[in-house]
Amino acid sequence: MLAYSLPSDISPSTYVNAASLVRIVALGLISAAAISSRLFAVINFESIIHEFDPWFNYRATKVLASEGFYEFWNWFDPTAWYPLGRVVGGTIYPGLMATSGVIYNLLHALNLPVDIRNICVLLAPGFSALTAWATYMFTKEMKDESAGLLAAAFIGIVPGYISRSVAGSYDNEAIAIFLLMFTFFAWIKALKTGSALFGTVAALFYFYMVAAWGGYAFITNMIPLHAFVLLLMGRYTSRLYVAYCSWYAIGTLSSMQVPFVGFQPVRTSEHMAALGIFGLLQIVAFAQLIRSHVSSKQFQDLLFVSVISAAGLGMAAMVLLTYKGWIAPWTGRFYSLWDTGYAKKYIPIIASVSEHQPTAWPSFFMDLHMLTFLFPFGVLALFRQLRDEHVFVIIYAVMGTYFAGVMVRLMLTLTPCVCVASAVGLSQLIDTFVDPREPDVEQEKEGGDAAPSKQAAKKEKNAAPITGVGAIDDIVSTLSGASSPEKDKSGKTKAGIFGLDTRMVVLFNTAAMLLFFVLHCTWVTSNAYSSPSVVLASTNPDGSQHIIDDFREAYYWLRMNTKEDAVVMSWWDYGYQIAGMADRVTLVDNNTWNNSTRLTAGCAAHIATVGKAMSSPEEIAYPILRKHDVNYVLVIFGGLIGYSGDDINKFLWMVRIAQGVWPDEIQEPNYFTPQGEYRVDDQASKAMRESLMYKMSYYRFAELFGGGQVMDRVRQQQLPKQSPTLDYLDEAFTSENWIVRIYQVKKEDSLGRDLKSANGFAQGKKRKRSKPPVKRRALA
Amino acid sequence: MFRIWRVLLLVLSLAILSYARSSTGSSVLVVLDPSLSKDNYSIFFKGLEEQGYELTFRAPKDVAPAIIQDGIASFAHVILFTPETKTYAKDITPQSLVDLLSQNTNVILALGSKQTPLTSLASEFSLILPPPGTPLISHFPERDTPATVIPIPVSSSSPALTSGLAPVWYSGIPFALGNNPLLVPFLNAPAESFAADTTEDSGADALVDAAEKGGEGLWAGKDMSVVTGFQTVDGGRVLFVGGVELFNDEFAKKEVTKGVRSGNAQFAREMAAWTFQESLVLRIDDSAHHKVNETEPRDKYTTNDRIVYTTHISKYNPATNAWEPFSGLTDVQLEFTMLDPHIRTALPPVPSKPGEYSVTFRVPDRHGVFKFVVDYKRKGWTHLHSSTTVPVVPPRHDEYPRFLSAAWPYYVGAISTSAGFVLFSVLWLAGDDRDQRKKKGVKAE
Amino acid sequence: MLLPWLALLCLSLHVLAAKDSAREQLVQLASKNNGVVRLDEKTYDLLTSPDRDWSAAVHLTALDKRRRCNPCREFDPSWNAVAKAWSTVPRSERDNHFFATLDFDEAPTVFQKLGLASAPVVYVYPAAEGPRRPASGKLAPYKYDFSHGFDAEPLASELSRHTPVPIPYKAPVDWAKWGTFAVILVSGIITLRFISPVLQSRWTWAIGTILTSLVMQSGYMFTRIRGMPYTAGNGQWIAPGFQNQYGQETQVVAMIYGLLAISFLMLTVVAPLQKSPQRQRMQIYLWTAVNLIIFSVLVSLFRTKNRGYPFKLFL
């Protein structure tokens, strides 16, 4: 009997068609939602490239679009890392630029003269739609279409993914997540069907991923891990063999074609897992082959032992090679995921990046909202029917949550998994409560325990007699996926929901939650994740929005008022922006930690040099500036309007990094007060007050307050009434809200004096008369 | 009125081109202390005018003509014969004079034994003056002049002075030189001379009690200088003279020994020539670089390219008032620097071509933004500096060797694998199909 | 005429002798207390005498219980370990550098003289004379910076820059750790037969997975890496600030997540198995209510962390 009546005069095929139509429409709407919810940034501000790295990607893309691919490949950028220069072609993942380059040329071939900037800005939203689709396909493999739709909807609007893919954040992650999901989908497909075709597809998308994002290492380790676990579970099949081998062979070969990756897949530990599993699979396959032919028990034992030992030997060989140095050990950034204290101790450049901090629970909830608790439930649901592909999601879940906990930015890799799992869970809930069939009450007397058995569902569909309820069963089960309630042989339903109200309550509750989820996502996206940290927004007392545009103001000032080949020194955060917006030569840029794995000694020393210049007194910094032909020095100062991301707050990192290279010239403790506080007011330590960074930040700051209390709104400290003085630099430009301050480096004094005394003379100071240098020694 | 006079003078001097001229201009302002009369220095000034300079005279207190008008120097050269002057019009201050130099104006500055506003200037040029009121005295050689009037033999070490110059009469203060590389000492005090206040006439006593202290704090000996030039980084030249009498007619006419007139006149003339940028003035006309057996400069070079760097240097010839190619420099160096010089090599003159200096070298195997730097600094000569920036890039993707003998194992591996694959498929297609799994496995590889 | 010279000579010889004796004295002191010289005022002055031709690393501390200086007690062992390592280098080098410990209770005046208010502090005095006098001529003692914590490795590596030869310090093998590891391993292998059904049961793994994901999502790694306390000193258990949390928050949040997950589990899996309509209805309403309430609790908790958050459920 049914809780509510279904139209019974419709043929199942109609249901199916209608369902598929609904599905297509739903997917279309989801894509629309995904794209439009990422356009807040453009609506609130304007169509502009966001924060830091995207500016480089944008610049590189322009080169690609104008010069063509080969020029891009051989692009040597003399304006970065001056005077070392940067071989860009060999040190980036070209996937992103290539993608938008292709789109650009395509559109122009269709006579659609679209500006490259708009393509870059809108690339991420576009790909988010594709991600939704890929997630749909992936989840479909996990459960069924309805779950797939849910997953697509989740990934479409979940903030955890939006945070890296709003319009304008033109970064590798923008396309990488789509590639990630599609590679996984292809892998699962290959695993299920055992077709080398899908294995190859997976390999090709893996290649695309490698070309697009450094995070490809995640795939490189996930898939082998999956295969390995399957082996341990004794689930070796020829399908696994085919899928894995085709993926690994083709994927590795193609990934080695990316210049930046080169021979890493065979030389570094990150990739060794994949290689090892590949070898192991060969052994196991061989063993299986033998077993199928040989019957003798002892021989099989022998075989088993030999397989194990062979595996062990392989492992040992790898360890040895690593030890010998043939295989590079894990790189610092990778290692820092396991030993969480590692980065801070040994690679301050990496630790200094805010995205590399661990994640507190509020940001989890912020990014995932109700998925945080739907997700474990979904994982449990996957455990109920533990098919091979489910194992994959489960492993992914464990890994993803751990990594996301260690590093904020890895929340991104967790998000898809969360969406998939919770979609599976939620769709099961909905299935259970949408299903109109009610169990038979009289069964209660028997009280037989009916633990759900996993294949039951499938068996039922085949075994169900096509009569009355059975027919509807079919329809319902086609509608609501594979999980039709358990029955005994006589076709009587055992488990199910009684009554309509219960259904109503639960479904209503679920609907409400989903609604809340949507509201939450929209709010987070529009408020937290849509500001292009190039343009800041503050709200006036009357609530209206006030745009703070100091960065562009300053960069355009540089572009307009300085020589084309002027060298601008700043802390590396602003290197890409200066290059992108001001088009001037920079000493260091964000490439510092992007691939600090292979940061050459030269660059490491270079960044430390800048750190030293910033944290030393003027007269020590000046020769450094001259040696590097620095014309202008740019500092970010938030003290006036309380912009907390300024250089004084980053200053300690400069000190640390400098200390790493000049331990006896720069020492971190000297920059603290004796009480160990970090102060900028009149109690600030001597080293602090004399450092170039401090002087440049607070130069003439007191004048603003006209003798009143000089207040730093970021540090909330009062500064001395007397602002620091500069002898070796001239203030060249200070932006409206004092966020950006640019100083010009003076040239040497024409009389060969040091500039301090030169200034003293110019201001009419008398210097004490000196005695002639004594040539003879007095004999006593 | 006065301006017209100057214009006339200008026209006149233009008319007579045989006159030599400074390389920076011919207008000279002479600030003359009222106590010194112009006629006592007629030889020197006449000499300058004959050279084609237009002299304009003013007293220190006059307001016009100002040496700096609205921050622009109004004269090419300035002579300050004001050793004792205490007060100046407000356009003449130590600061304004330094400002002049930075605008490439040349200055001749006569110091005196009194403390004047300009005394503080000396220390900026790292000259160390003795205490006020202590002129240079020497009791050797035996002579009839007072001890403060000393004949100083000219040691013709500097190329600015013609050798074999007769000793010059000198009366004034000595000064010690700091260790500033921009100083160009021309005339040093005699070894046995020293600075002492002559009011109580016992320079000897001063010597004695100084000798007690082992010569400590005694301004004496040949390390003291009396005439010193200074060339600023931007090329302005200034001459410090310890006593203005060096230039006057009396000393010029005076005989050092029987029948030998003093070298003062010519010495003063040559000093003025150096200071007013007539002598020892060089410039780099142009510098070019290109790959070997190419002619046009590249906008970037590849590592290990062989490139040619060429530069042309010419010297100012006051006689013809023109720049002439100059191959006389044998010690010019070229540096190819990125942070530090990666290559430092001699830049020899090309024998056949006058004024051309050229060198060929191999770019180091290191990519980066390099600079060709020519930096020629010699005492007395104009400093030559030229710096050309050029990026050095690694080879393009298609500039590496295509076929590596070292890669044979890979070639063999690839070929054999594909051959084996073809062979296998052929065999497979030929045979009947058993054992699905194996085929797939191999195919996947 | 010659006498003063002789006198001078003798004097100098005498000085040398004195210096040697001082060195000898220090060497003995050091050897007595395996490599660490226990200092008092006198020996301190001796060690840091202006004409020393040896370098010295002085560890100023307050080990006495009454001083309640936990860092001191924490740091002392690693200091002694490094000093011991130093005492193993060959004599010729060893006697050019001394490790010394000065306890506040044995020489408070020294603390006053150095104007020290806190302990532990490590000063390294470079040699003031002789070949090892620093070229820079900077004789001011170098202060060791504890930013790397109280471990011995960073200390040894840092001090090695001031000693004649690097300190041959090797971290002692942690036998306890290895031992326990081995025991666990062995016992695991032995009992494999009995626990294998547990290991093979998917639900063990399921529970493990769920717990991991819950704990991780509630910011466990954050508290661990940042070494956050369980609660604030004043008993307040919610840390202020969005990117910040205490240990207890982790537990509470994990529990909330768990409850919500369970509510879904009940609704989906357990409720349908309930045979009597009434009980089932009860169950469903109950769990729905639980779900709703706990969720609103969670949201309100989030509001306290993130002030600007506009939404709220019943709470």
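Any read-out appearing in this document is the output of simple, stated calculations on the displayed coordinates, not a laboratory observation. Keep in mind that this is a model prediction, so the values were computed, not measured. Glycine gets a Cβ as well: all are built from the backbone with ideal geometry, and neighbour counts include every protein chain shown.
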Exercise for the section: Please compute the net charge surrounding residue C:87, taking Lys and Arg as +1 and Asp and Glu as -1 over other residues with Cβ under 15 Å from its Cβ. Expected result: +4
Practice task
Answer rounded, prolate or oblate for the stretch A:12-359, using the Cα gyration tensor with square roots of eigenvalues a ≥ b ≥ c: rounded when a/c is under 1.5, else prolate when a/b is larger than b/c, else oblate.
Solution key: oblate
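Checking the a/c ratio against 1.5 first, then a/b against b/c, what shape does the Cα gyration tensor give for the stretch A:124-226?
The shape class here is oblate.
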Practice task
Extending each Cα 7 Å along its Cβ direction at residue A:323 and residue C:186, get the distance between those two points in nm, one decimal.
Solution key: 2.4
Practice task
Taking chain A as the reference, fit the longest principal axis to its C-alpha atoms, fit the long axis of helix A:601-615 to the helix C-alpha atoms, and give the angle between the two in degrees, 0 to 90, nearest 10.
Solution key: 60
Problem - Label-point separation, residue B:424 to residue B:145 (7 Å along Cα→Cβ), nm - result: 10.8
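If you count, for every residue in A:513-524, the Cβ atoms of partner chains within 10 Å of its Cβ, what is the mean?
Values: counts 4, 0, 0, 4, 0, 0, 2, 5, 0, 0, 4, 2.
Mean shielding count: 2.
Which FRET efficiency value, to the nearest 0.05, do you get for residue A:69 and residue C:133 by plugging their Cβ-Cβ distance into 1/(1 + (r/R0)^6) with R0 = 56 Å?
Given R0 = 56 Å and the Cβ-Cβ separation, E is 0.35.
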Fill in the blank from the handout: For the stretch C:230-315 the trypsin sites (Lys or Arg not before Pro) that pass both the DSSP coil test and the at-most-12 other-Cβ-within-10 Å test are C:307, C:312
Practice task
Starting from the Cα gyration tensor of the stretch C:64-112, take the square roots of the eigenvalues, sort them a ≥ b ≥ c, and report rounded, prolate or oblate (rounded when a/c is under 1.5, otherwise prolate if a/b is larger than b/c, else oblate).
Solution key: oblate
Completion exercise
Here Rg/Rh (Cα, Kirkwood) for chain B equals 1.29
Problem - Residue exposure sequence - A:747, A:140 - by fewest surrounding Cβ within 10 Å - result: A:747, A:140
Practice task
Mind giving me the nanometre distance, one decimal, between the label points for residue A:231 and residue B:319, set 7 Å out from Cα along Cα→Cβ?
Solution key: 9.3
Practice task
Taking chain A as the reference, fit the longest principal axis to its C-alpha atoms, fit the long axis of helix A:238-255 to the helix C-alpha atoms, and give the angle between the two in degrees, 0 to 90, nearest 10.
Solution key: 20
Handout entry: Sites residue B:361 and residue B:69 - FRET efficiency at Förster radius 51 Å, r taken between beta-carbons, to 0.05
Key = 0.55
Fill in the blank from the handout: The set of residues whose placed amide H lies less than 5 Å from the amide H of residue A:719, leaving out same-chain residues fewer than 5 positions away, is A:710, A:711, A:712
Completion exercise
In chain C, helical segments from DSSP H whose Cα atoms cover 24 Å or more along their own axis and that average at least -0.5 on the Kyte-Doolittle scale are C:3-32, C:247-265, C:277-305
Exercise for the section: Take every DSSP beta bridge whose two residues both sit in the protein assembly as shown, then give the antiparallel share in percent to the nearest 5. Expected result: 70
Practice task
Please report B:280, C:46 as a ranked list, fewest other C-beta atoms within 10 angstrom at the top and most at the bottom.
Solution key: C:46, B:280
Practice task
Please report, largest first and rounded to whole Å, the three semi-axes of the ellipsoid equivalent to the protein assembly as shown, where each semi-axis is the square root of five times an eigenvalue of the C-alpha gyration tensor.
Solution key: 81, 40, 33
Fill in the blank from the handout: Most packed first (mean Cβ within 10 Å per residue), the peptides C:196-205, B:403-412 order as C:196-205, B:403-412
Handout entry: Distant-in-sequence amide H partners of residue B:323 (H built 1.01 Å from N, under 5 Å)
Key = B:317
Exercise for the section: Calculate one ³J(HN,Hα) per residue across the stretch A:622-634 by plugging θ = phi - 60° into the Karplus curve 6.51 cos²θ - 1.76 cosθ + 1.60, and present them in order as whole Hz with x for glycine and proline. Expected result: 4, x, 4, 4, 4, 4, 8, 6, 6, 9, 10, 10, 10
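What is the mean number of Cβ atoms from other protein chains located within 10 Å of the Cβ atom of each residue in peptide A:70-83, rounded to a whole number?
Taking the mean over all residues of the peptide, I get 4.
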Completion exercise
Computed ³J(HN,Hα) along the stretch B:394-399: with the Karplus parameters 6.51/-1.76/1.60, θ = phi - 60°, integer Hz and x for glycine or proline, the list is x, x, 5, 4, 9, 9
Problem - Residue-by-residue Karplus 3J(HN,Hα) for the stretch A:531-546, coefficients 6.51, -1.76, 1.60, Hz, glycine and proline x - result: 9, x, 1, 7, 10, 9, 10, 10, 9, 5, x, 7, x, 6, 8, 10
Problem - Degrees, to the nearest 10: A:53-67 long Cα axis against longest axis of chain A - result: 90
Completion exercise
Checking the stretch C:268-315 for chymotrypsin sites (Phe, Trp or Tyr not before Pro) in a loop per DSSP with at most 15 other beta-carbon atoms within 10 Å yields C:311, C:314
Practice task
Mean Kyte-Doolittle of at least 0.5 plus a Cα span of 24 Å or more along the axis: flag which DSSP H helices in chain B meet both, please.
Solution key: B:408-430
Exercise for the section: Hey, can you grab everything whose amide H is under 5 Å from the amide H of residue B:170? Only 5+ residues off in sequence or another chain; H modelled, so Pro and N-termini drop out. Expected result: B:150, B:152
Problem - Peptide-level mean, for C:229-238, of C-beta atoms on other protein chains within 10 Å - result: 0
Practice task
Would you mind checking the pairs C:84/C:170; A:695/B:371; A:324/C:177 and listing those with alpha carbons more than 20 angstrom apart?
Solution key: A:695/B:371; A:324/C:177
Exercise for the section: Could I get the Rg over Rh figure for the stretch C:218-305? Both from C-alpha atoms, Rh via Kirkwood, rounded to two places. Expected result: 1.15
Exercise for the section: Using packing as a proxy for protection, rank C:60-70, B:173-183, A:413-423 so that the peptide with the highest average count of other Cβ atoms within 10 Å comes first. Expected result: A:413-423, B:173-183, C:60-70
Fill in the blank from the handout: Surrounding charge for residue A:715, neighbours by C-beta under 11 angstrom, Lys/Arg +1, Asp/Glu -1, total -2
Exercise for the section: Could you pull out the pairs from A:563/A:612; C:42/C:65; B:46/B:377 whose alpha carbons sit more than 30 Å apart here? Expected result: B:46/B:377
Exercise for the section: Taking the convex hull of the Cα atoms, report for chain A its projected area averaged over all directions, in nm². Expected result: 49.0
